[in-house]
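Reviewing the structure listed below.
The values are calculated or read from the model by the stated rules, or taken from the named source; none is laboratory data. The shown structure was predicted, so the numbers you read here are calculated from the model rather than taken from an experiment. Reconstructed Cβ throughout: ideal geometry from the backbone, glycine too, with neighbour counts over all protein chains shown.
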Amino acid sequence: MSKLFVVPTPIGNLEDITLRAISVLKEVDIILAEDTRNSGKLLKHFGVETKMNSYHMHNEHKIVEGIVQRISNGETMALITDAGTPAISDPGYLLVRECIARDVDVECLPGPTAFVPSLVNSGLPSDKFFFEGFLPHKKGRQTRLKFLAQLPYTIVFYESPHRLIKTLSQIGEFFGDDRQVSVSRELTKLHEETKRGTIKEVIEYYTNNTLKGEIVLVVGQAK
(Lines give C-alpha, C1' and ligand atoms only; values in the text may rest on other atoms or scores of the structure.)
Protein backbone atom coordinates (compact mmCIF):
# COMPACT_ATOMS: atom_id res chain seq x y z
CA MET A 1 0.00 0.00 0.00
CA SER A 2 1.32 3.44 -0.90
CA LYS A 3 2.32 5.58 2.05
CA LEU A 4 4.55 8.40 3.27
CA PHE A 5 6.92 7.35 6.05
CA VAL A 6 8.43 10.16 8.12
CA VAL A 7 11.76 8.76 9.29
CA PRO A 8 13.97 10.36 11.99
CA THR A 9 17.72 10.09 11.45
CA PRO A 10 20.61 10.43 13.93
CA ILE A 11 21.53 13.91 15.20
CA GLY A 12 25.14 12.81 15.61
CA ASN A 13 25.90 9.26 16.67
CA LEU A 14 24.93 6.93 13.82
CA GLU A 15 24.09 4.14 16.28
CA ASP A 16 20.98 6.08 17.32
CA ILE A 17 19.10 5.09 14.16
CA THR A 18 16.49 2.40 14.77
CA LEU A 19 16.43 -1.01 13.09
CA ARG A 20 12.94 -0.20 11.85
CA ALA A 21 14.13 3.04 10.25
CA ILE A 22 16.82 1.17 8.31
CA SER A 23 14.28 -1.42 7.20
CA VAL A 24 11.82 1.23 5.97
CA LEU A 25 14.53 3.15 4.11
CA LYS A 26 15.53 -0.04 2.29
CA GLU A 27 11.97 -0.99 1.36
CA VAL A 28 10.42 2.26 0.09
CA ASP A 29 10.49 3.25 -3.58
CA ILE A 30 11.95 6.74 -3.02
CA ILE A 31 13.70 8.58 -0.18
CA LEU A 32 13.05 12.31 -0.03
CA ALA A 33 16.18 13.87 1.46
CA GLU A 34 16.91 17.43 2.60
CA ASP A 35 20.51 17.14 1.34
CA THR A 36 21.16 14.10 -0.82
CA ARG A 37 24.94 14.38 -0.39
CA ASN A 38 24.71 14.44 3.39
CA SER A 39 22.09 11.69 3.54
CA GLY A 40 24.05 9.64 1.02
CA LYS A 41 26.79 9.10 3.60
CA LEU A 42 24.26 7.85 6.15
CA LEU A 43 22.53 5.52 3.69
CA LYS A 44 25.82 4.13 2.44
CA HIS A 45 26.90 3.38 6.01
CA PHE A 46 23.81 1.22 6.52
CA GLY A 47 23.80 -0.36 3.07
CA VAL A 48 20.66 1.46 1.88
CA GLU A 49 20.61 1.67 -1.92
CA THR A 50 17.16 3.24 -2.38
CA LYS A 51 17.00 6.11 -4.87
CA MET A 52 16.93 9.61 -3.36
CA ASN A 53 15.14 12.75 -4.52
CA SER A 54 15.87 16.22 -3.15
CA TYR A 55 13.23 17.75 -0.87
CA HIS A 56 14.09 20.88 1.12
CA MET A 57 12.73 24.27 2.21
CA HIS A 58 13.68 25.92 -1.09
CA ASN A 59 11.77 23.54 -3.35
CA GLU A 60 9.02 22.00 -1.20
CA HIS A 61 6.32 24.49 -2.21
CA LYS A 62 6.94 23.72 -5.89
CA ILE A 63 7.11 19.95 -5.72
CA VAL A 64 4.88 18.92 -2.82
CA GLU A 65 1.77 18.44 -4.98
CA GLY A 66 3.63 16.26 -7.47
CA ILE A 67 5.06 14.09 -4.69
CA VAL A 68 1.63 13.53 -3.14
CA GLN A 69 0.24 12.62 -6.55
CA ARG A 70 2.98 10.04 -7.03
CA ILE A 71 2.21 8.48 -3.64
CA SER A 72 -1.50 8.49 -4.51
CA ASN A 73 -0.61 6.62 -7.72
CA GLY A 74 1.03 3.82 -5.77
CA GLU A 75 4.58 4.81 -4.80
CA THR A 76 5.82 4.53 -1.21
CA MET A 77 8.21 7.22 0.00
CA ALA A 78 10.25 8.05 3.09
CA LEU A 79 11.02 11.61 4.16
CA ILE A 80 14.28 12.31 5.99
CA THR A 81 16.16 15.46 6.93
CA ASP A 82 19.84 16.05 7.63
CA ALA A 83 19.36 15.13 11.29
CA GLY A 84 16.50 14.46 13.67
CA THR A 85 12.78 14.21 13.06
CA PRO A 86 11.35 15.87 9.91
CA ALA A 87 8.90 18.76 10.47
CA ILE A 88 10.52 19.70 13.83
CA SER A 89 12.27 22.94 12.77
CA ASP A 90 12.93 21.17 9.46
CA PRO A 91 10.99 20.57 6.22
CA GLY A 92 8.10 18.12 6.43
CA TYR A 93 4.99 19.87 7.69
CA LEU A 94 3.76 20.93 4.23
CA LEU A 95 4.12 17.42 2.82
CA VAL A 96 2.41 15.75 5.78
CA ARG A 97 -0.44 18.28 5.66
CA GLU A 98 -0.97 17.79 1.93
CA CYS A 99 -0.91 13.99 2.25
CA ILE A 100 -3.56 14.13 4.96
CA ALA A 101 -5.69 16.50 2.87
CA ARG A 102 -5.54 14.02 -0.02
CA ASP A 103 -6.23 10.94 2.15
CA VAL A 104 -2.69 9.63 1.66
CA ASP A 105 -1.53 7.44 4.53
CA VAL A 106 1.22 8.96 6.70
CA GLU A 107 3.25 7.14 9.34
CA CYS A 108 5.88 8.82 11.51
CA LEU A 109 8.47 6.53 13.09
CA PRO A 110 9.79 7.34 16.57
CA GLY A 111 13.41 8.35 16.77
CA PRO A 112 16.02 11.02 17.40
CA THR A 113 15.19 14.67 17.96
CA ALA A 114 17.49 17.15 19.67
CA PHE A 115 15.18 18.87 22.12
CA VAL A 116 14.02 15.81 24.10
CA PRO A 117 17.42 14.73 25.50
CA SER A 118 18.32 18.40 26.08
CA LEU A 119 15.14 19.01 28.04
CA VAL A 120 15.54 15.90 30.17
CA ASN A 121 19.26 16.54 30.73
CA SER A 122 18.66 20.16 31.74
CA GLY A 123 17.27 19.17 35.13
CA LEU A 124 14.54 21.78 34.65
CA PRO A 125 10.84 20.87 34.99
CA SER A 126 9.79 18.77 32.01
CA ASP A 127 6.25 17.80 32.97
CA LYS A 128 4.99 20.81 31.01
CA PHE A 129 7.11 22.67 28.49
CA PHE A 130 6.83 25.02 25.52
CA PHE A 131 8.80 24.30 22.34
CA GLU A 132 9.67 27.59 20.62
CA GLY A 133 12.39 26.41 18.24
CA PHE A 134 14.14 29.27 16.46
CA LEU A 135 13.19 32.83 17.41
CA PRO A 136 12.49 35.34 14.61
CA HIS A 137 15.80 36.94 13.64
CA LYS A 138 14.46 40.48 13.40
CA LYS A 139 10.80 41.34 12.91
CA GLY A 140 8.67 40.30 15.87
CA ARG A 141 11.59 39.11 18.01
CA GLN A 142 11.01 41.43 20.96
CA THR A 143 7.26 40.89 20.87
CA ARG A 144 7.86 37.15 20.94
CA LEU A 145 10.26 37.40 23.89
CA LYS A 146 7.76 39.50 25.87
CA PHE A 147 5.12 36.81 25.31
CA LEU A 148 7.45 33.94 26.23
CA ALA A 149 8.66 35.66 29.41
CA GLN A 150 5.16 35.34 30.88
CA LEU A 151 4.73 31.62 30.28
CA PRO A 152 4.70 29.39 33.39
CA TYR A 153 6.58 26.62 31.57
CA THR A 154 10.09 25.51 30.73
CA ILE A 155 10.85 26.85 27.23
CA VAL A 156 12.99 25.14 24.60
CA PHE A 157 14.82 27.08 21.89
CA TYR A 158 17.06 26.10 18.98
CA GLU A 159 19.96 28.45 18.24
CA SER A 160 23.18 28.66 16.25
CA PRO A 161 26.51 29.05 18.08
CA HIS A 162 27.30 32.48 16.65
CA ARG A 163 23.98 33.90 17.92
CA LEU A 164 23.77 32.16 21.31
CA ILE A 165 25.33 34.87 23.49
CA LYS A 166 23.23 37.59 21.83
CA THR A 167 20.07 35.50 22.30
CA LEU A 168 20.91 34.77 25.94
CA SER A 169 21.48 38.49 26.54
CA GLN A 170 18.12 39.37 25.00
CA ILE A 171 16.33 36.65 26.97
CA GLY A 172 17.99 38.05 30.09
CA GLU A 173 16.55 41.48 29.34
CA PHE A 174 12.99 40.15 29.25
CA PHE A 175 13.21 37.17 31.62
CA GLY A 176 15.80 38.45 34.11
CA ASP A 177 19.45 37.36 34.02
CA ASP A 178 18.97 35.17 37.10
CA ARG A 179 16.64 32.80 35.19
CA GLN A 180 17.96 29.23 35.14
CA VAL A 181 19.03 27.90 31.74
CA SER A 182 20.72 24.87 30.24
CA VAL A 183 22.70 24.88 27.01
CA SER A 184 23.33 21.56 25.24
CA ARG A 185 25.58 21.32 22.19
CA GLU A 186 27.14 18.60 20.03
CA LEU A 187 24.51 16.15 21.27
CA THR A 188 25.46 12.46 20.92
CA LYS A 189 28.86 13.47 19.50
CA LEU A 190 32.37 13.17 20.93
CA HIS A 191 32.42 16.67 22.44
CA GLU A 192 28.85 16.72 23.79
CA GLU A 193 28.44 19.34 26.50
CA THR A 194 25.67 20.66 28.71
CA LYS A 195 26.21 23.86 30.68
CA ARG A 196 23.69 24.77 33.37
CA GLY A 197 23.31 27.90 35.47
CA THR A 198 21.77 31.35 35.42
CA ILE A 199 21.69 33.29 32.17
CA LYS A 200 24.45 35.52 33.53
CA GLU A 201 26.64 32.54 34.46
CA VAL A 202 26.19 30.78 31.12
CA ILE A 203 26.96 33.97 29.14
CA GLU A 204 30.15 34.37 31.15
CA TYR A 205 31.11 30.73 30.54
CA TYR A 206 30.64 30.85 26.77
CA THR A 207 32.33 34.23 26.50
CA ASN A 208 35.49 32.46 27.67
CA ASN A 209 35.06 28.97 26.21
CA THR A 210 34.71 27.39 22.79
CA LEU A 211 31.22 27.43 21.36
CA LYS A 212 30.64 25.12 18.38
CA GLY A 213 27.90 22.83 17.14
CA GLU A 214 24.13 22.97 17.04
CA ILE A 215 22.57 24.42 20.20
CA VAL A 216 19.51 23.56 22.26
CA LEU A 217 18.75 26.22 24.86
CA VAL A 218 16.38 25.31 27.68
CA VAL A 219 15.06 28.16 29.86
CA GLY A 220 13.47 27.50 33.23
CA GLN A 221 10.05 28.83 34.16
CA ALA A 222 9.55 32.00 36.15
CA LYS A 223 9.51 31.52 39.91
The number of residues in segment 5-30 that are in a strand (DSSP E or B) and farther than 19 Å from residue 112 by Cβ is 1
Residue 143 - would you say it is of a type outside the set (A, V, I, L, M), free of Cβ contacts under 8 Å to residues at least 24 places away in the same chain and surrounded by fewer than 19 Cβ atoms within 10 Å (Cβ to Cβ)?
yes
With criteria (1) part of a loop (DSSP other than H, G, I, E, B); (2) surrounded by fewer than 21 Cβ atoms within 10 Å (Cβ to Cβ); (3) within 18 Å of the chain's Cα centre (by Cα), residue 86 comes up short on (2)
Determine if segment 31-42 includes at least one residue that is in contact (Cβ under 8 Å) with a residue 12 or more places away in the chain, over 30 Å from residue 222 (Cβ atoms) and in a loop (DSSP other than H, G, I, E, B).
yes
Residue 84 - would you say it is assigned by TED's automatic domain parsing to the domain that holds residue 10 and under 17 Å from residue 108 (Cβ atoms)? yes
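Okay, residues lined up against (1) touching an Asp or Glu at 6+ places or on another chain (Cβ under 6 Å); (2) in a helix (DSSP H, G or I); (3) modelled with pLDDT under 95; (4) farther than 18 Å from residue 183 by Cα:
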{"site": "118", "(1), (2), (3), (4)": "no, yes, no, no"}
{"site": "125", "(1), (2), (3), (4)": "no, no, no, no"}
{"site": "131", "(1), (2), (3), (4)": "no, no, no, no"}
{"site": "137", "(1), (2), (3), (4)": "no, no, yes, yes"}
{"site": "144", "(1), (2), (3), (4)": "no, yes, no, yes"}
The condition from (1) free of Cβ contacts under 8 Å to residues at least 24 places away in the same chain; (2) within 15 Å of residue 158 (Cβ to Cβ); (3) in contact with a strand residue (DSSP E or B) (Cβ under 8 Å, 6 or more places away or on another chain) that residue 133 misses is numbered (1)
In the set 119, 94, 79, the lone residue that is touching a residue at least 24 places away in the same chain (Cβ under 8 Å) and touching a Ser or Thr at 6+ places or on another chain (Cβ under 7 Å) is 119
Only one of (1) within 14 Å of residue 30 (Cα to Cα); (2) out of contact with any Asp or Glu (no Cβ under 8 Å at 6 or more places or on another chain); (3) in a loop (DSSP other than H, G, I, E, B) does not apply to residue 75, and that is (2)
